[in-house]
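Just below is one structure, and these are the notes that go with it.
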Amino acid sequence: MALNWSHGERVASLRLPFGASSVVAMDTLVRAGDIVARGTHYRATRRVDAAKALASSPETVRGLLRVRVGDTVREGAIVARSGQRFARAIVAAQDGRLVHVDAAGGVHLGTIRGEWTAQAPIDGVVQRADRDRVVIAGSAWTLAGLAAFGPSRAGVLSRAVAQPFDDLSPSGLDVAASGRIAFGAGRAGGEALTRAHAVGVAGVVCASISFRALVPIYGDDVSAFGSASWDDAPTILVTRAFGRAGFDPDIFARLAALEGERAAIDTATASLHVFAAPDASEPAEWRDIVLDDELSGERADGL
Amino acid sequence: MLPLATVAGDEESLRWCRSLALRAGASVVLAVDARDGAGLAERAAAFRSSDPRVVLVVGREGHDAGALAGVVEAARVASLGADDAPRVVAAGSREMLAAVHEALAGLPWERTASPREDDGVGLVRRLRALRGQEAEALERLERVALDADTDDVLACEVDDDGVRAAFASRGGVISAELGVGVGRSADALVRRAGPRAVRRWLVGDAVPEVTLLRDRIANLSRFVVSAPRGLELALAREALRELIAAMRRDLGTPGIERPRVVLLRGAFAQFTPAEAVAAFLDAAEPHGLARVQVGDFDAALVIVPANQDRGRPLRVVDERGERALQHTVGALGVIPTAGRAVVHTERDDVVAGSPAIGVVVDARGRPLAIPDRDGERQTLLRRWAAAWP
């Protein structure tokens, strides 16, 4: 598989989870890591037959609402009201949001389980922003990887190991690495990955990882094709193979030369973007990977 | 595979949904029971995260159409503003279709005949059409099963894209497909069946620990490489086992447990005849007598004695004459034959062919008991493997 390190125009498309309550405006200039959308995870939704409660036709329910769809409501707040002297009203039974008004005049009120945020995976201009997705276009140096896990995150590019064949060591990670994207390790173990997340490392870029580390962190259902998520989980980009492999020395050298630059891992496309000048590095191609006979990782003599 | 969400509000319709998805070779990414009491936001979030291309709604006369319409409304809310909103395919009563149509409010949709009217044939055809060219492999396998010169033909195929089986009997054919197999679909297999299910078929001194096996399967799925023979056989066994179990559970096809002719294709044809037949017997656990063909050649005549046949003699006639076959309960035996062979049982069942391996007597019992403990399992698998030439 030929994977490349190159500079060019990139387009990042973020498909938002359900429940977006605010999104960034079109044509906004954003930096990787900026929040471009916020939303709500709902615990439960109750449907109130507003047309019946307000003694009105389904078509007129929208006009009787006191809050907009998507707005937060506090317990006791009036959601909709009709009539003058003999008024009828729908009152929120608990804190939540007005999720939807259906065609039959039903009002769906959801209770909030948590909030989510979506971060820009790239520096650029917002080309599309709605409840479905946010599309950002910009230029960057990009390293295409094999698979990525966790949410997209941004940070400062930082070398994690001295040599491209070294494993990521948990003891070498402390709060000084907070906000960094640690690259270069041949392999990351489960302990190193969770420790990196705990001390605030934004993401790890390594050549390989074993399912022995992935399963306890991302669950039994974790896939070899990666899994982008919105949860608070470690972010990792695997560049070469599963099991064991070494970081390509040429790519390692190029990334090392850009140490200190801002960077971001885009888990949806399994790539690392580094925001440096077009002449800051040279394009490169991965050497072909040769797996051992048992497929347990890259062949030792191929390192 | 076609990512499919199924919506139903009663047990019978839920069974139809499972059966139709299996027969169409669609991948069920979300199964909604409209009676589960979930609210619109939870359902919309589920639709949004599973991202189906098609939403199949099956209803039943006399059942609550409002609940189904509520789920469809959640699907619509989940895809508001999306360029690629899912297509809704609805089948059911006139009242239900009217309620669903009202809830769609702009989503692309189509209605089809209720699966109860035509045994689901129309819906399967439509879902396969939505799959496009991907569905051709399944239709090709159906033709292979139908073109065989006899009844009760089971054709099985496993490859990089998944596993397929077609059972033809009395001029009709029923087939199914799952997106789990060898090569790049092996990752989906271990996610569906679990790595332990694949690992239990591995024999050798260095069987990898479960998570390390997942590394190997992940590399197999991501790179164009050939798997070690033992791993490929284990994947083929488990993929076919998953499919046959799903067909027995969701299709309830009579006769599929007793095929008269078995045609093994795809990756099976890359194995030696003995490996392919052994993999089929472990995966499908058939009953009765069958002629097993691997690729275009007769590989074996298989006999699985029923409990009531224990102790009764079997006779084989080939170019060397007639012989009685003795079998040991719990064991697997292979008897080489010369030229054309005919096997007779006491009850006058007959199977004939020119098998490359000979006659295989599988008296291991049903279902196969495979120990969980590595040591016991390895001993048993080695004993079974030693029976083959």
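Numbers for the structure displayed
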{"quantity": "Complete set of residues in region A:260-303 that are among the aliphatic types (A, V, I, L, M), farther than 29 Å from residue A:211 by Cα and surrounded by 15 or more Cβ atoms within 10 Å (Cβ to Cβ)", "calculated": "A:276"}
{"quantity": "Total residues in region A:222-259, condition more than 10 Å from chain B (Cβ to nearest Cβ), within 17 Å of the chain's Cα centre (by Cα), buried (at least 24 other Cβ atoms within 10 Å of the Cβ) and of a type in the set (A, V, I, L, M, F, W, C)", "calculated": "2"}
{"quantity": "Sole residue being within 14 Å of chain A (Cβ to nearest Cβ) and either touching a strand residue (DSSP E or B) at 6+ places or on another chain (Cβ under 9 Å) or free of Cβ contacts under 8 Å to residues at least 40 places away in the same chain (or both), chosen from B:41, B:26", "calculated": "B:41"}
{"quantity": "Residue count for region A:1-43, restricted to those that are more than 14 Å from every other protein chain (Cβ to nearest Cβ), at positive phi and surrounded by 14 or more Cβ atoms within 10 Å (Cβ to Cβ)", "calculated": "1"}
{"quantity": "Top-ranked residue in region B:1-23 [being surrounded by fewer than 22 Cβ atoms within 10 Å (Cβ to Cβ) and either of a type in the set (S, T, N, Q) or without any contact (Cβ under 8 Å) to a residue 60 or more places away in the chain (or both); ranked as nearest to residue B:135 (Cα to Cα)]", "calculated": "B:3"}
{"quantity": "Among (1) of a type outside the set (Lys, Arg); (2) touching a Lys or Arg at 6+ places or on another chain (Cβ under 7 Å); (3) in the same structural domain as residue B:374 (by TED's automatic domain parsing), the one test that residue B:203 misses", "calculated": "(3)"}
{"quantity": "Some residue of region B:334-344 being exposed (fewer than 13 other Cβ atoms within 10 Å of the Cβ) and either outside any helix (DSSP H, G or I) or among the hydroxyl-bearing types (Ser, Thr, Tyr) (or both)", "calculated": "yes"}
{"quantity": "Residues satisfying the stated conditions in region B:193-241, i.e. within 13 Å of residue A:294 (Cα to Cα), more than 8 Å from every other protein chain (Cβ to nearest Cβ) and assigned to a helix (DSSP H, G or I)", "calculated": "B:213, B:229, B:230, B:232"}
{"quantity": "One residue from B:238, B:157 being in contact with a Lys or Arg (Cβ under 6 Å, 6 or more places away or on another chain), surrounded by 18 or more Cβ atoms within 10 Å (Cβ to Cβ) and not hydroxyl-bearing (Ser, Thr, Tyr)", "calculated": "B:157"}
{"quantity": "Residue within region A:207-215 that is over 22 Å from residue A:163 (Cβ atoms), surrounded by fewer than 24 Cβ atoms within 10 Å (Cβ to Cβ), within 12 Å of another protein chain (Cβ to nearest Cβ) and more than 17 Å from the chain's Cα centre (by Cα) present", "calculated": "yes"}
{"quantity": "Flag for residue B:31 being surrounded by fewer than 20 Cβ atoms within 10 Å (Cβ to Cβ), within 11 Å of chain A (Cβ to nearest Cβ), aliphatic (A, V, I, L, M) and not in a helix (DSSP H, G or I)", "calculated": "no"}
{"quantity": "Residue check for residue A:110: within 14 Å of another protein chain (Cβ to nearest Cβ), modelled with pLDDT under 95, surrounded by fewer than 19 Cβ atoms within 10 Å (Cβ to Cβ) and assigned to a strand (DSSP E or B)", "calculated": "no"}
{"quantity": "Per-region count, region B:69-96, residues more than 14 Å from every other protein chain (Cβ to nearest Cβ) and outside any loop (DSSP other than H, G, I, E, B)", "calculated": "8"}
{"quantity": "Residues located in region B:218-269, provided they are under 22 Å from residue A:222 (Cβ atoms) and small (Gly, Ala, Ser)", "calculated": "B:218, B:221, B:227, B:234, B:239"}
{"quantity": "Subset of region A:11-56 (residues that are touching a His at 6+ places or on another chain (Cβ under 7 Å) and either closer than 20 Å to residue A:230 by Cα or in a helix (DSSP H, G or I) (or both))", "calculated": "A:19, A:32"}
{"quantity": "Every residue from region A:120-156 that is aliphatic (A, V, I, L, M), surrounded by fewer than 22 Cβ atoms within 10 Å (Cβ to Cβ), over 30 Å from residue B:44 (Cα atoms) and away from chain B (no Cβ under 14 Å)", "calculated": "A:156"}
{"quantity": "All positions within region B:97-133 that are within 13 Å of another protein chain (Cβ to nearest Cβ) and of a type outside the set (Asp, Glu)", "calculated": "B:98, B:99, B:100, B:101, B:103, B:104, B:105, B:106, B:107"}
{"quantity": "Condition check for residue B:360: assigned to a strand (DSSP E or B), surrounded by 13 or more Cβ atoms within 10 Å (Cβ to Cβ) and in contact (Cβ under 8 Å) with a residue 60 or more places away in the chain", "calculated": "yes"}
{"quantity": "Matching option when the condition is modelled with pLDDT of 95 or more, under 24 Å from residue B:273 (Cα atoms) and not assigned by TED's automatic domain parsing to the domain that holds residue B:269, among B:193, B:227, B:197", "calculated": "B:197"}
{"quantity": "Residue within region A:128-145 that is touching a helix residue (DSSP H, G or I) at 6+ places or on another chain (Cβ under 9 Å) and within 20 Å of residue A:253 (Cβ to Cβ) present", "calculated": "yes"}
{"quantity": "Set B:159, B:152, B:187: member being of a type in the set (D, E, K, R), in the same structural domain as residue B:236 (by TED's automatic domain parsing) and within 13 Å of residue B:235 (Cα to Cα)", "calculated": "B:159"}
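Let's see how each residue does on (1) modelled with pLDDT under 95; (2) not assigned by TED's automatic domain parsing to the domain that holds residue B:349:
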position: B:219; (1), (2): no, yes
position: B:237; (1), (2): no, no
position: B:253; (1), (2): yes, no
position: B:288; (1), (2): yes, no
position: B:298; (1), (2): yes, no
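The values are calculated or read from the model by the stated rules, or taken from the named source; none is laboratory data. Please read these numbers as outputs of a predicted model, since none were measured by experiment. All Cβ positions, even for glycine, are placed from backbone atoms using ideal geometry, and neighbour counts span all protein chains on display.
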